[in-house]
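Presented below is the structure to which this report refers.
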């Protein structure tokens, strides 16, 4: 893809500052700036309640975006995650309701969806890694299979009367929404793992240059399998956070969720070409795309224009990131 | 983008090198066999299946997706993708309804404006992809949100109704020589697109761009211009499909066409167009579309619920690529 760039000019940019200007810091700055600006117009926006609402709503998208950013860094994509979230949330919900009758421990309602998530990730990963079907095709197929399977199974009916213990997402330990803890802890763990573990580095290597990674002795197939299974695990947790948010679950696929998750990862600076991006960026991306609609409500902008502004901001973030990368690569930093 | 691997070229099979051999072992041939088998099976199961009425009704239903699939084939062959087609579809519909009902334009002018909107959407995608080097997947993901956002913003969730009769009965439900208008339009569009792709230097250049963009550039092909043109074609066809759709359902809504992008891409990829670019035919795309619709309709007539067919399509999508991979590896070079 570098081919479409103009020839490299030997333009020196002072590098001391630009080392700090990463996608993550740009995002963090945008989030803070946006919050303060809207907070000046309407102080209620930065009230504790609203901030915690925003974080609450973005948590499950952020957790799923962690897995997605791994998949994208490895040079693949998974567009079946929305369907998977719908399916796993329904499975969890049904198990939770049947628990009293079935007599199995409560933990089953949490474990089974996560295990199925990992298994589904393993299937996708197997097709991509070992049978060499492009990830976009496999996940497009999985999307249809999971979605069809879910509607066929449930008929799209609602699940009511969820037990209190299943709605752990509504708990507030230390006065903070529970999903926030999942988001923060998982982000930190994944960030450390991606940065310091051998497998984490290998994911970047495979995404950056598959052939080079293979020649330097990395098992590209196993790494891709691992990536998709971790993604399935994250989607499992995201589905449980999603399912516990409300008092009822509609057993259908939440529309557009996969695009929201991919967008969060991409806005977070994960390059769709593979090889670059961090999970911290993905989490910040998820927060940013949830701040915008809320900010618009508080700034009294017609809610009908929410989507347009959201789209514009996504575009802007991508363009800024592109511009920044260009500058860096022109001045001789890869 | 793709890694360059040197594979020893062994002519193991003379037949596979011939023109006929290449067709026999192509994805199109596999698909043709599956499609004919499916049609034959369903026709014996149900006498209503192969009636003219059923076929032409199905054709009207598939029309929008088919029309958009044509430019999508060109785009994917050229190594790109357009996820924004569903949103362009929605925005064009809203522009049509808004100008006609709220701004007092004549319907003819509103239709022209609507088509122009689609062209503009495609131009925006194309120019940013070409000029700024944003990856198509990301650019069209952003405009997917953006165009849909504009559709929602302009319409403010209102819908236009009460279109004149020449528009609704004349076009949307109209017949010409005993066949629906949609069929004629589609035939013309297929013929033109096939001609351009298979019989012009422009068409050949798309294959060149898709298999190696750098080489295409060095060979002096107008890569940027041609890429821009196919995205504009895509926007235009989405708008055309939208206008015809509005004339059939006689109303406009902002959420029209959501999810079309996945249906279209599924059909194109099922038809043997490589998601990595460089390979694909219009004939394959038509087969992909026909197979999907045959299965949907046939299984419905056989009394199987519509949701099961979604699963079927997912399975067939993955299987078709898998079988093709296998055959390519077994019989073609190496």
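The values are calculated or read from the model by the stated rules, or taken from the named source; none is laboratory data. Here the structure is a predicted model, which is why all the values come from computation and not from measurement. All Cβ positions, glycine included, derive from the backbone under ideal geometry; neighbour counts span all protein chains shown.
Among the residues in region A:97-108, are any surrounded by 19 or more Cβ atoms within 10 Å (Cβ to Cβ), more than 14 Å from every other protein chain (Cβ to nearest Cβ) and assigned to a helix (DSSP H, G or I)? Even if it seems obvious, please write down each step before you answer.
Going through region A:97-108, the residues surrounded by 19 or more Cβ atoms within 10 Å (Cβ to Cβ) turn out to be none.
No; the residues of region A:97-108 include none that is surrounded by 19 or more Cβ atoms within 10 Å (Cβ to Cβ), more than 14 Å from every other protein chain (Cβ to nearest Cβ) and assigned to a helix (DSSP H, G or I).
Are any of the residues in region A:95-103 more than 19 Å from residue A:64 (Cα to Cα), in contact (Cβ under 8 Å) with a residue 24 or more places away in the chain and in contact with a strand residue (DSSP E or B) (Cβ under 8 Å, 6 or more places away or on another chain)? Checking region A:95-103: at least one residue is more than 19 Å from residue A:64 (Cα to Cα), in contact (Cβ under 8 Å) with a residue 24 or more places away in the chain and in contact with a strand residue (DSSP E or B) (Cβ under 8 Å, 6 or more places away or on another chain).
Only one of these is away from chain B (no Cβ under 13 Å), farther than 15 Å from residue A:66 by Cβ and either within 17 Å of the chain's Cα centre (by Cα) or modelled with pLDDT under 80 (or both): A:272, A:291, A:287, A:314. Name it. Working first, answer last.
On the way: A:272 fails: away from chain B (no Cβ under 13 Å); A:287 fails: farther than 15 Å from residue A:66 by Cβ; A:314 fails: away from chain B (no Cβ under 13 Å).
Checking each option against the conditions leaves just A:291.
Taking the conditions (1) more than 25 Å from the chain's Cα centre (by Cα); (2) away from every other protein chain (no Cβ under 13 Å); (3) surrounded by fewer than 20 Cβ atoms within 10 Å (Cβ to Cβ); (4) in a helix (DSSP H, G or I) in turn, residue A:161 satisfies each one other than (4). Has region B:100-117 got at least one residue that is crowded, with 18+ Cβ neighbours inside 10 Å, within 30 Å of residue B:300 (Cβ to Cβ) and more than 24 Å from the chain's Cα centre (by Cα)? No. When the criteria are applied in full, residue B:59 fails the requirement of being under 20 Å from residue B:231 (Cβ atoms) and in contact (Cβ under 8 Å) with a residue 40 or more places away in the chain.
Going residue by residue through region A:167-176, is there one that turns out to be in a helix (DSSP H, G or I), within 14 Å of chain B (Cβ to nearest Cβ) and under 15 Å from residue A:63 (Cα atoms)? The answer is no; no qualifying residue exists.
The residues on offer are A:154, A:187, and the sole one that is within 14 Å of chain B (Cβ to nearest Cβ), closer than 21 Å to residue A:236 by Cβ and in contact with a helix residue (DSSP H, G or I) (Cβ under 7 Å, 6 or more places away or on another chain) is A:154. Quick one: which helices (runs of 4 or more DSSP H) sit completely within region B:24-107 and have at least 2 residues that are closer than 20 Å to residue B:143 by Cβ and in contact with a helix residue (DSSP H, G or I) (Cβ under 8 Å, 6 or more places away or on another chain)? Ranges flagged: B:52-77, B:85-101.
Here region A:124-140 is the region considered, the condition is being in contact (Cβ under 8 Å) with a residue 12 or more places away in the chain and at the interface with chain B (Cβ under 7 Å from one of its Cβ atoms), and the residue that is surrounded by the most Cβ atoms within 10 Å (Cβ to Cβ) is A:138. Note on region B:133-178: residues that are within 13 Å of chain A (Cβ to nearest Cβ) and surrounded by 15 or more Cβ atoms within 10 Å (Cβ to Cβ) amount to 24. The number of residues in region A:238-250 being farther than 9 Å from residue A:93 by Cα and either under 20 Å from the mean Cα position of the chain (by Cα) or assigned to a loop (DSSP other than H, G, I, E, B) (or both) comes to 7. Scanning region B:229-249 finds one or more residues that are farther than 21 Å from residue B:185 by Cβ and touching a helix residue (DSSP H, G or I) at 6+ places or on another chain (Cβ under 7 Å).
Listed by position, the helices (runs of 4 or more DSSP H) contained in region B:234-334 that have at least 2 residues being more than 14 Å from chain A (Cβ to nearest Cβ) and farther than 30 Å from residue B:100 by Cα are B:282-301.
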